[in-house]
Amino acid sequence: METTSRAVAQAPAAEGAQHVPSARRTVDGYLEAPFPWYGLDEAFTGPRWLMQVGTAADGAVEHGSVGHGDEPSVRHETAGEDRGKFAVVVTVAANPSRRSADGTGLLEATTVSSAAWLAGVGLLSYTWPGQMDHSLRDDWLDQQTETAWELADDLGGPEWSTLSLPVDGVPTPFHYRESEFGWVLAGSTQEGVHVGAYGRGMSAYGLGFAMIKDITSYA
């Protein structure tokens, strides 16, 4: 799969960490991005919040996430039925395979599969199956992360369906899948970026996406 490396793509897992809320909310990284950010459109009137950006090997901002609704938690005590309602939108710059800025390496291309992978791992980072012992979650997460990678590499496979949702008011096809943990979708925009999203408690079928005019409004 032509996508971001696993080291870069692991970034969403850190978003669930409970010890970096201030770092997660800084807007500086978002402002450094040379591409537009996407979020839910104006039909969504609930809370909006920054999450985290991810960078390529040369330090350039390559992707990032913004949240909508209830901020999710990975705490064991909230792993039951009441886990909040949220939708996270992941924006990924559409880049070809290219040399790093210092000329020392090759940066892999980013595709719709990149957005699907990042969204899939992002959902897992806020998932803790009920009755699972703390010592077993890392092994479970590794296994599920590998599955998310394989699914993102096969967007034409039976696990995915097609869903049409508005992006900047234009009907746009998305790859969509559901699991017991929530839903994941991924597609491309006309503005040179790929958009992924994941959520739980909020139906994906009624969502719309739009370019964020002022990213500081999420801070």
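Below is a table of values for the structure above.
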quantity	calculated
Any hit, segment 90-98, residues being modelled with pLDDT of 95 or more, out of contact with any Ser or Thr (no Cβ under 7 Å at 6 or more places or on another chain) and polar (S, T, N, Q)	yes
Odd one out for TYR30, checked against (1) at pLDDT 90 or above; (2) touching a Ser or Thr at 6+ places or on another chain (Cβ under 9 Å); (3) surrounded by fewer than 21 Cβ atoms within 10 Å (Cβ to Cβ)	(3)
Test: residue in segment 18-26 that is under 18 Å from LEU124 (Cβ atoms), under 17 Å from the mean Cα position of the chain (by Cα) and at pLDDT below 90	yes
Which numbered condition PHE181 fails, given (1) touching a Ser or Thr at 6+ places or on another chain (Cβ under 6 Å); (2) over 29 Å from ALA60 (Cα atoms); (3) at pLDDT 95 or above	(3)
Extreme residue, nearest to the chain's Cα centre (by Cα), among residues of segment 133-155 that are loosely packed, with under 14 Cβ neighbours inside 10 Å and under 24 Å from GLU71 (Cα atoms)	ASP142
Complete set of residues in segment 46-70 that are assigned to a loop (DSSP other than H, G, I, E, B) and at pLDDT 90 or above	GLY46, PRO47, ASP70
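The values are calculated or read from the model by the stated rules, or taken from the named source; none is laboratory data. In this text, all values refer to a predicted model and were calculated from it rather than measured experimentally. Backbone-built Cβ (ideal geometry, glycine too); neighbour counts: all protein chains shown.
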